[in-house]
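Novice: I'd like to ask some things about the structure below.
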Amino acid sequence: ATVLAADGTATVSSCRSDPPQTLAEPQLTAAQASLVSDWVKRFGSFEHEQTDPASADAMTIAIEFNGQGAEEPAENDIAALNALAQEVLNQATR
């Protein structure tokens with residue numbers, strides 16, 4: 001799981017344990033933090049789930065977003081948010 005916060009922090013954790021084990025707490029870059037802050041101001045809270053078409057080893061990506069705005073995100077906004085979370089995850093687990 002990757003949690004991005006508007007204050008520029010992130011938490012990367014493994015869901016293989018219960019409770020999840022924190023793997024890293026990276027600092028977002030200025031550009032990343034600015035994106036998250038803008039999204040929090042623009043978009044209201046929402047949940048989005050996507051599962052790939054595989055059957056035995058299907059991967060599900062779930063986004064739980066806590067926003068303060070009034071806009072609904074478009075698919076490209078959700079894709080950008082997912083890409084940023086993946087980027088932070090990749091950086092933190094290198």
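The values are calculated or read from the model by the stated rules, or taken from the named source; none is laboratory data. Note that the structure is predicted; figures quoted are calculated from it, not measured. Quick reminder, even Gly has a Cβ in these numbers, built from the backbone with ideal geometry, and neighbours come from all protein chains shown. Heads up: the accessible areas ignore ligands, DNA and RNA and are worked out on the full protein's heavy atoms, side chains in. Shrake-Rupley method; radii C 1.70, N 1.55, O 1.52, S 1.80 Å.
Novice: Considering only protein heavy atoms and a probe of 1.4 Å, how much of the accessible area of the chain is carbon and sulfur, as a whole percent?
Specialist: Of all accessible area on the chain, carbon and sulfur atoms account for 48 percent.
Novice: Based on the mean of other beta carbon atoms within 10 Å per residue, what is the order of 46-53, 6-13, most packed first?
Specialist: Sorting 46-53, 6-13 by mean packing, highest first, produces 6-13, 46-53.
Novice: Another one. Leaving out ligands and nucleic acids, note down the accessible area per residue over the chain with a 1.4 angstrom probe, in whole Å².
Specialist: Value for the chain: 68 Å² per residue.
Novice: Using only Cα atoms, figure out Rg for the range 16-58 and give it as a multiple of 2.2 N^0.38 Å.
Specialist: Compactness ratio reported: 1.71.
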